[in-house]
Each structure stands twice: as structure tokens, then as C-alpha cells.
1. Mind counting the residues in the range 108-131 that are within 15 Å of L61 (Cβ to Cβ) and in a helix (DSSP H, G or I)?
2. Would you confirm, using the coordinates I've provided, whether Y515 is touching a residue at least 60 places away in the same chain (Cβ under 8 Å) and either surrounded by 15 or more Cβ atoms within 10 Å (Cβ to Cβ) or within 16 Å of the ligand (Cβ to nearest atom) (or both)?
3. Would you check which residues across the range 86-105 are buried (at least 16 other Cβ atoms within 10 Å of the Cβ) and either over 31 Å from the mean Cα position of the chain (by Cα) or at pLDDT below 85 (or both) and list them?
4. Do we have P504 as surrounded by fewer than 20 Cβ atoms within 10 Å (Cβ to Cβ) and either within 16 Å of the ligand (Cβ to nearest atom) or assigned to a loop (DSSP other than H, G, I, E, B) (or both) here?
5. Please determine whether any residue of the range 369-389 is surrounded by 16 or more Cβ atoms within 10 Å (Cβ to Cβ), over 30 Å from I330 (Cβ atoms), among the acidic types (D, E) and touching a helix residue (DSSP H, G or I) at 6+ places or on another chain (Cβ under 6 Å).
6. Could you check how many residues of the range 441-463 are part of a strand (DSSP E or B) and crowded, with 21+ Cβ neighbours inside 10 Å?
7. Has the range 169-185 got any residue that is under 30 Å from A75 (Cβ atoms), modelled with pLDDT under 95 and not in a strand (DSSP E or B)?
8. Take the residues of the range 464-495 that are closer than 30 Å to G152 by Cα and either assigned to a strand (DSSP E or B) or in contact with an Asp or Glu (Cβ under 8 Å, 6 or more places away or on another chain) (or both): which is nearest to the ligand (Cβ to nearest atom)?
Amino acid sequence: MKDEDEVHKHIMNALRNTQLDLRFPVYHDRVSFPNLRELGPVEMDEIFRRLWPGKAITNDLVADDIFKKGFKERAKSILSDLWSGLDIKDHHFRTRLAPLNKKFPSTPMPDQIRPIIVSSPIVKILETRLVHKLQAYLRDKLHRSQLGFTDGMDIYVNIWRAVKRIEELRDRRKHVYCLFLDFKSAYNTVPHSLLFDKLRGILSTEEIELLRAIYSRMSINIGCESFQPNVGVPQGSVISPSLFNIYAASFLERLEENGWGIHDLLAFADDHLVINITKSSLRLAIRLTMQWCEEVNIQLNPSKSGILEVPPKGGQLTMQVGSCFEGIPIVDEYKYLGLILDNRLSGAKHVNKLFGWKDANGVKHKGKIEFIKNNLCPLIRNISLDYRVNLWQTLIRPLFTPLALLGNFLCQTSKKELERKLKKSMKWFMGLVKSVPDDILFSLVSINFDEWARIESERAYLKWQARLSKTWVAHLPKYKVICHVKYLPREVAQFVNLQCALCPKCKTILTPLHYNMHMVNVPNVSVLLRELRMCFENERDRAYNRPGRMELIEVLASKVRGYIDVMKNFLQR
Ligand SMILES: [Zn+2]
């Protein structure tokens, strides 16, 4: 299908099916804006601090330039009567739908889009008034097990909680049945009327009226298509994540009333994990989930949900992978908040996804890291080593962080294996060959998996304690990967590789000492680095014509190239 109007029609029909539901009250009239307390300059500052320019263009064409530094003050004074209950023109509430393709680069079905709602800066200011109060509620009052979009929390806290709890139970020789729940487009299925009920006691009557006034005017538009939803909190709005958490908290409360402890309930926004140690409690959890979904209009997606059994160490599985239990598939892996968990909690499946694997038919699959590396290849070839380390930090390190959290619970052998993979990824990125020994790699960039694992766990522990006790952690430890040398030319990688090449005469791996034995005089890596640092300092501190970064790197590179030529000559002799 190519015709734009046709595409719009199909997308909107799919949205209308979920977001306009006649079983719930529809908006016949506009709800009047409440007369809210005027906000002082500090409170207006607070609102504007949370809003940024540079977002997509809106339907009412009010530019978000009003959030730019130079315009903020003026905008604040113009908009200060926004709270006085005056009627705001309807066209500000015509939101523009920006459908994102969830199946990119394939062609999506109408329900395979993420419907981002672009709303006017006016609506954003109105909503942002509620942010502070909602955030405070999430922090201090919401069910402790829900961590999504809560101040100071992150997915790593829940990954750590999950792994720690499962391991605790395994140590007590329990079979652990993890129930992972997937709710279908959860944000889009929240009925407004039920949401307003939930907000009573959390927001003031006037604040709920403000939200009702906004929603009663809000329409979704694309091309010539338009409709007014009575279901769904808009994706892209600053308050939607908080509203969803509040709406869905009753699920956690329901399970708690039925005997689940706080440590066996893990929620991150619409991502839920329920831990069980018997099949009967697993069955009950599924039944309660289905009941709850029915009551609150949330749709469970059974095929994307999963049951992962983790037996005690050395124990056998008691459930047949591939079959279903109460309609939920029994799986041998599940991706939980970015970490692929398996029946043994070994991290092996996660590592496979990163580095590639062979399936049952012997077909090789490329890993994520290889994919990233191949895409970067033309770019990475010409950049300095310290920048490559930075790239590794940005692109690859986050893929390992879940493994670092798992690391503390692994046996020495598995841990060493992970460390080996970590080093492999660094060598790849830095352009070093496999045979480069650890001490040389570490002299360029220091990384210690044990230490990293320990610090990530400590960090998650402190955050979770803070959540439980409703306090703040003043100082969180953070693991740093340090590149020891700044302005490190890429030639250093070639230098290191040549030092670890095969001796053409003796057929053994070369070392600086071995080169010397053949009367080839090259420094070892630490001496080279010292030379480069001295050279760098001399150049940098030059009184006149101080060189820029590129120039400095070139000076250092030419020094390294001298040694490279010497080694190359020997190898080609
Ligand atoms: Zn030799």
C-alpha cells in the first residue's frame, strides 16, 4: 500500500479500535478549565525547566521556540494567566500523530506502529504543572516494586533484584518459575474514566479537572483523519509514564494481597515479572493477571509473555520448554529489560546474542557487536585509539552492564569466560589482534570485570535500599573504564599488533625481547607510551603555535610509524 491517504486511514482505524471504546464514557462536551492557583515565578521556572525546544512541529503551529533561553522569560509572563480558568482555543488540542514503524526496515501492519503524539507547547505547559506532584507520589507513595520513571531508579536495579532473588531461592533448593508479562500497547489501553478515579486523592480535584479538560478537547490527527480518544494516555507526553504507573499499581497490590512479597514482584513501567516457587502459585498468578486485565481494560499478550523455569543448581527442568502453561508459553530464554535470562542464569544466551551463535541446523548468526562494528567500520578505521575507547564506552559497554550485574552470582569459570568476551570486544574496537596479551591491553585501557560487577551490584543495592526507605543516596559508586593515554594515534594499534605477530624465523609469537634477539630494536609498549607522553607534553606546552588535536596526533603518529617500519622490514625479510 503506497497511497498516503489509504495508509493514514488504516493506521487511524487501528488506533480507533483501541482508543475509542464505547463501553466507557465518551466526551460529548468540553470540560471547563478549572480555576487553578496562580503559579509564582519559581513554580513557572520549575515547569519551563522541564521543557525543551527542538521537538517536532505541532498542529497549532505554536513553535516550541518559546522554551528557548532568550524567549523563556517573555513566554512565562504571557502565559501566566493559563491557570485562571479561561477557555483555551480547541485547535491547541489537535495533536499530530507521528507513527513510528516498530518493524523497521520491514513494512509494518497498521497495528505495528508506535503512535507518538505530538502536542502543542501549550498542552505541554498545562500537563507539566502536574509533573512535580506525580513524581513525588511515585517516589514516596507508589508500590515499592514499581521502578519505572521513578527518580533515581533505572532498569539495572530491577535486573539486579531479579537475579538476586532467583539465586537466593535456588540456594534454598527451590525451583523458580518466572512469569514475565507483556501487555499489548499498555499506554494506549488506559480508559480515561478509570484513570481519573485512580487519581483521586493523589491529585487535587482541580488538578484532575485540568486533566479532564485537556483530554476532553484532545483529538488525534493525521492527514485528513481525526478522532477523539476516550482511552489511552498519549505516548510522548511527560506525564503519561507516571499516569500509567499509578493506573497499573493495582496489579501489584492485588498480588500482594494474595500472598506475593515485595521481592517477588518486579515492575518497570509496563514490564512485569512475578516470581513463584510452586506451580500452583504460578497458576494463581496467571489467573489473577487475567482477571485484573479484564477489570482494567489492559490486554495481556500471551504469546509475548513467558514462563522461565530456573531449577536449583544441578536440578532438572520440570516444565516442557515449547509447551504452554495456562496459555502462557514455557520458554528457555526471556529478554528481561535488556538482559537475556536462561534456565541456568548463566548469561550464555545473552553472550550469544552479542557475539553470534550457531543454531541447531548449524547456521551461523551474527552477533550484535559484530553488527555494530561492521556498520562503524569505515568510520572507525581512521580515528584515534582514545576515541575508539570512547565509542566502545557509548555503544558496547551498555550491552555488558546487565552481564556485570549477573557476574556477581556466577561461578569463577563463567565469570572468567565473560571477562574474556569483554576483552575480545575491546580488542575488536581498538583494532588489536587476538594474541595481544592482557597486560598490554590493560596498559592502554584499564578494565576489571570483577570490580565492575561488584560496583554495579553495590550501586543497584544502594538504589533499592533508598527506594525501600524512601530516602536518597548521596554518593553512588560508578565504575569507570579509563583510557590511559590521551591523543593516542591509531598507529599504536598497528605497533602492538606487529609486536604480537608471528616470528617468520622461529614461528613463535613475537615479543619486544624476541625482536631484540634478532637484532631488531623496538621499545616495549610501556616505554613507547612513556615516550609518546613526553612528546605530547613538549608539544602541548610549546610557547608559540600550539598544535591542535589532529596536529598533535600526527606528531605522535609519525614517531610510532618509525618503529612500525623497522618491525615490518624484519617480518618481510
Ligand atoms: Zn624468532
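The values are calculated or read from the model by the stated rules, or taken from the named source; none is laboratory data. Everything quoted here is computed from the prediction, not taken from an experiment. Using ideal geometry, Cβ is built from the backbone for each residue, glycine included, and neighbour counts are taken over all protein chains shown.
1. Let us first name the residues in the range 108-131 that are within 15 Å of L61 (Cβ to Cβ), namely 118-124.
Narrowing further to those that are in a helix (DSSP H, G or I): 121-124.
Total meeting the criteria: 4.
2. no
3. Selection gives I88, H92.
4. Details: surrounded by fewer than 20 Cβ atoms within 10 Å (Cβ to Cβ): yes; either within 16 Å of the ligand (Cβ to nearest atom) or assigned to a loop (DSSP other than H, G, I, E, B) (or both): yes.
So P504 fits the description; yes.
5. no
6. Total meeting the criteria: 1.
7. Just the residues of the range 169-185 that are under 30 Å from A75 (Cβ atoms), to begin with: none.
Looking through the range 169-185, none of the residues is under 30 Å from A75 (Cβ atoms), modelled with pLDDT under 95 and not in a strand (DSSP E or B).
8. C483
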